[in-house]
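Worksheet: the structure to be examined is printed underneath.
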Amino acid sequence: MSENKKTAKRIVGLSVAAMCMFSAVRLVPFSPVETEAADVMTAFEITENMKIGWNYGNSLDATGGSGLATETSWGNPKATQEMMDAVKAKGFNTVRLPTTWYPHLDSNNNIDPEWMARVHEVVDYAYKNDMYVILNLHHEEWINRADIGTAYDEMSPKLKAVWKQIAEEFKDYDQHLIFEGMNEPRAVGTDHEWWGPKQDEVDTINKLNQDFVDTVRSVESPYKDTRLLMCPPYCASSDSSMMATLVVPDDDYVAASIHAYSPYGFTMDKTVADHSTFSEAYATELETILNGIRKQFIEKDIPVVLGEFSASNFNNTEARCEWAEKYISLMKGYGIPCVLWDNDARGNSDQSEAHDYLNRDTLEWYEDSGQVVDKMMEVLADDSIVWGSQKYGKQYDHEDITKGNIILNETVTIDAANTPNGNCTEGLNATWKELEGGDVAIKFTGDAPVIAVVDGAWDNWTEIQAYDIDEKNGIAYYSSDTIKSAWSGDVSAIEHLFARTNGKTTIEMISIIGGAEVIDPPVDNTKKYKLDLTGSNSTQMIALYFEGKAGSVINGCIGYMGDEWTNIEWDGVIRNDGTLMITIPRSNIPDSVTSAEAQIWWCDDADAEMVEYRFLGTGGPSIVYGDSNCDGTIDMSDAVLIMQSLSNPDKYGLEGSEPTHITEWGMQNADCCNPGDGVTNEDALAIQKLRLELIDSLPLSGSAA
């Protein structure tokens, strides 16, 4: 199993509550997470604002005809401003523009200027409508090919050339424009086109994803480092084993690009006789698939854009509405924006591809499919479902795998490349009487397996995906309730169980254990504040200013994404005046990092907040004579602190026990009468003279003192 490069890490940082100075190069007020369009958004802020999108499918991505005529070669009309207005009016705030480029390239991979101009025009229809726009490479035959695993050297220069031109064309477009490197890259025409990729095929896709990111970031632009870039795994699959093959480029603004026409039996499978019911089994399967996306990426702080989803129109409007409600409810809770696939294929002879929502000729929404869209918008407007509130999903307490009914206790390696028999275990005895009310637990390494159950005649093969995976210990769990909802017929007929892989898996043990208990997920009360580090330098200090109840203990961190997510911890006690300043050297964060996040993990005062942040110092610490308590003003409290530190150093001196004790930087500021002779009562007297306007400024020296 490939390892995602973004992992959370907490490191012990220095305690810097005692450090302070005042020389603000730039004053930056606190910006709440809900940002305005002009602000620099984080990747997760972008995906939250995207919420729901619409695909302009089977148009710019069509491959018939030549020149500009390709846009209409599959029977759809050209895009217009009025079309994008209709999409926005329905409630969509994101438009994905699947675009095919290869018919418009010359022998040197230069894009036809007329085609680029047309794509630019369509981008503007949505972008200037204050919508998010996803622009990609779609239906590129030079990527989707049987020899994808060995053709990297041929594909890489073309991909870089095309993306360099696109990035240059749109270099002045802000974070509302998003690039998607590829669409469903896969080994077309092979027996494993849609599952079970070979390692060299996975490697090629990961290298092309990195090429895409590097190319876009290399083009000079105000947004080159903060533009959201979408990278897919093999065929953009939502299958857990294939999502796990994606090596996410090490970049703060990369999202996984996933497609999920799920559950397939309901949404697209024309061999299913009846689509009129969105059954409990379908609902359970859908939740399992979408939860897999959450666990693979969102739970690991990797954003996701679900670039394609839909339920084909089988004249089953009511069932599709139920599907839409379940789908968007789950994804809203997970914090994943979804982009609806619409090809306006009303009356398509292939009913599995009848994704018809907007009538592009009349710009009216079809009555039946329009109801499905309305249901999606209804869920998004439901305040009881909070965006991203289920980032960590349900938490479970599982029985020890070794304490259950062990039905396999030997090492077995299975491989999807060894179909049809080598991709699953031998059939194991597991009756419904043994399974009922419990879980199947599989200890494994490699790709997460699926399980299948059959009856006594080895028929009615029914597959189940894991509902929970303990990645630390390598154990996948499958619920008997899910088996029951998926099984067609009387569950008492179940007698055998298999484990199967979509990749390569080594199984060490399979056990039937008791059902898991759902436990309360950890409540994240962390308060988060975005920090823009642009323009700061390693000679400065980052000063965080807090307000809260005097005497309250407070701690937290400044976190940033470097090679991995890193926290620099801090702690302190809010002063008697209800304020606290924490300073952290900017040099503790790599110069290449331009954004960070201040967090409050704990405070005795639940209402405490960070109110602003500043960058202090221009070439080193700057002394502000008289400001002994480092609060940015010179007043009687500074004189009092000097006298306290001299009269009671154990409480108020450099090593004092009081939270208001003088600090090293405070000592430098306090030495304001004849600087260099140390802190004395004369310094306190000089501050009082300044407050009484007996002198004009500090420091005092010589005869003036």
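Restricting ALA126, ALA146 to those that are surrounded by fewer than 17 Cβ atoms within 10 Å (Cβ to Cβ), of a type in the set (Gly, Ala, Ser) and more than 19 Å from SER218 (Cβ to Cβ) reduces the list to ALA146. The number of residues in the range 389-424 being under 30 Å from PHE44 (Cβ atoms) and either part of a strand (DSSP E or B) or in contact with a helix residue (DSSP H, G or I) (Cβ under 7 Å, 6 or more places away or on another chain) (or both) comes to 8. VAL40 falls short on exactly one of the conditions (1) at pLDDT below 95; (2) of a type in the set (A, V, I, L, M); (3) in the same structural domain as GLY307 (by TED's automatic domain parsing), and that condition is (3). Being within 30 Å of ASN681 (Cβ to Cβ), small (Gly, Ala, Ser) and touching a helix residue (DSSP H, G or I) at 6+ places or on another chain (Cβ under 8 Å) is the requirement here; does GLY632 meet it? When the stated conditions are applied, GLY632 does not pass them. If you go through the range 391-414 and keep only what is closer than 23 Å to GLU434 by Cβ and of a type in the set (Gly, Ala, Ser), you end up with just GLY404. If you go through the range 646-705 and keep only what is on the phi > 0 side of the Ramachandran plot and surrounded by 14 or more Cβ atoms within 10 Å (Cβ to Cβ), you end up with just ASN674. For GLU287, the conditions (1) crowded, with 23+ Cβ neighbours inside 10 Å; (2) under 26 Å from TYR357 (Cβ atoms) are fulfilled apart from (1). Here VAL453 fulfils each of the conditions (1) assigned to a strand (DSSP E or B); (2) in contact (Cβ under 8 Å) with a residue 60 or more places away in the chain; (3) crowded, with 21+ Cβ neighbours inside 10 Å; (4) in contact with a helix residue (DSSP H, G or I) (Cβ under 7 Å, 6 or more places away or on another chain) apart from (2). Among residues of the range 167-193 that are farther than 20 Å from TYR223 by Cα and of a type outside the set (A, V, I, L, M, F, W, C), those with a Cβ under 6 angstrom from a residue that is assigned to a loop (DSSP other than H, G, I, E, B) and modelled with pLDDT under 95, sequence gap 6+ or separate chain, pair up as ARG186/GLU193. Selection of first residues in the range 511-528 that are among the charged types (D, E, K, R) and of second residues that are modelled with pLDDT of 90 or more, restricted to Cβ pairs under 6 Å at least 6 apart or on distinct chains, gives the following pairs, ordered by first then second residue: GLU517/ASP397; LYS527/ILE600; LYS528/GLU597; LYS528/GLN599.
Considering the range 80-101, the residues that are of a type in the set (A, V, I, L, M, F, W, C) and in a loop (DSSP other than H, G, I, E, B) include one that is farthest from LYS158 (Cα to Cα), namely PHE92. Confirm whether GLN210 is outside any helix (DSSP H, G or I) and within 18 Å of the chain's Cα centre (by Cα). Criteria not met by GLN210. Of ASN460, ASN421, all but one fail to be under 17 Å from GLY503 (Cβ atoms) and more than 36 Å from the chain's Cα centre (by Cα); the exception is ASN421. Residue count for the range 338-359, restricted to those that are hydroxyl-bearing (Ser, Thr, Tyr) and touching a Leu at 6+ places or on another chain (Cβ under 6 Å): 0.
So if I check each of TYR127, TYR173, which one is closer than 19 Å to ASP251 by Cβ and at pLDDT 95 or above? Checking each option against the conditions leaves just TYR173. Comparison of VAL372, VAL339 shows that the only residue that is at pLDDT 95 or above and assigned to a strand (DSSP E or B) is VAL339. If only residues of the range 227-244 that are assigned to a loop (DSSP other than H, G, I, E, B) and touching a Ser or Thr at 6+ places or on another chain (Cβ under 8 Å) are counted, the one that is farthest from PRO197 (Cα to Cα) is ARG227. Any residue at all in the range 326-345 that is more than 26 Å from MET230 (Cα to Cα) and surrounded by fewer than 23 Cβ atoms within 10 Å (Cβ to Cβ)? Within the range 326-345 (the criterion being more than 26 Å from MET230 (Cα to Cα) and surrounded by fewer than 23 Cβ atoms within 10 Å (Cβ to Cβ)), the answer is yes, since at least one residue qualifies. For the residues ASP627, ASP571, the requirement of being touching a helix residue (DSSP H, G or I) at 6+ places or on another chain (Cβ under 6 Å), in contact (Cβ under 8 Å) with a residue 40 or more places away in the chain, of a type in the set (D, E, K, R) and within 27 Å of THR539 (Cα to Cα) singles out ASP627. Taking THR63 and the conditions (1) free of Cβ contacts under 8 Å to residues at least 60 places away in the same chain; (2) surrounded by fewer than 17 Cβ atoms within 10 Å (Cβ to Cβ), which numbered condition does it fall short on, given that it satisfies the others? Unmet condition: (1).
One line per residue, one yes/no per condition, for (1) out of contact with any Leu (no Cβ under 7 Å at 6 or more places or on another chain); (2) surrounded by fewer than 21 Cβ atoms within 10 Å (Cβ to Cβ); (3) in the same structural domain as ARG500 (by TED's automatic domain parsing); (4) closer than 30 Å to ILE451 by Cβ:
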residue	(1), (2), (3), (4)
VAL202	yes, no, no, yes
ARG217	yes, yes, no, no
ASP225	yes, yes, no, no
MET230	yes, no, no, no
TYR234	yes, no, no, yes
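Return the residues of the range 462-474 that are touching a residue at least 12 places away in the same chain (Cβ under 8 Å) and either outside the structural domain of VAL491 (by TED's automatic domain parsing) or not in a strand (DSSP E or B) (or both); say none if nothing qualifies. Residues satisfying the conditions are GLN465, ALA466, TYR467, ASN473, GLY474.
Exactly one residue out of THR277, THR271, THR226, THR245 is among the hydroxyl-bearing types (Ser, Thr, Tyr), out of contact with any Phe, Trp or Tyr (no Cβ under 8 Å at 6 or more places or on another chain) and touching a residue at least 24 places away in the same chain (Cβ under 8 Å), and it is THR277. Selection of the range 280-308 for residues being outside any helix (DSSP H, G or I) and within 26 Å of ASN343 (Cβ to Cβ) yields VAL304, VAL305, LEU306, GLY307, GLU308. With respect to VAL248, determine if the residue is among the hydrophobic types (A, V, I, L, M, F, W, C), assigned to a loop (DSSP other than H, G, I, E, B) and either at pLDDT 95 or above or within 19 Å of the chain's Cα centre (by Cα) (or both). So VAL248 passes the test.
Note on the range 477-488: residues that are in a strand (DSSP E or B) and under 15 Å from LEU428 (Cβ atoms) total 1. Any residue that is outside the structural domain of LYS295 (by TED's automatic domain parsing), loosely packed, with under 15 Cβ neighbours inside 10 Å and without any contact (Cβ under 8 Å) to a residue 60 or more places away in the chain - is there at least one of those in the range 391-403? Looking for residues that are outside the structural domain of LYS295 (by TED's automatic domain parsing), loosely packed, with under 15 Cβ neighbours inside 10 Å and without any contact (Cβ under 8 Å) to a residue 60 or more places away in the chain, one finds none in the range 391-403, hence no. The condition of being basic (Lys, Arg) and within 22 Å of ALA319 (Cβ to Cβ) holds for only one of LYS375, LYS394, that being LYS375.
The values are calculated or read from the model by the stated rules, or taken from the named source; none is laboratory data. Quick caveat, the model's predicted, so the values are computed rather than measured. Quick reminder, even Gly has a Cβ in these numbers, built from the backbone with ideal geometry, and neighbours come from all protein chains shown.
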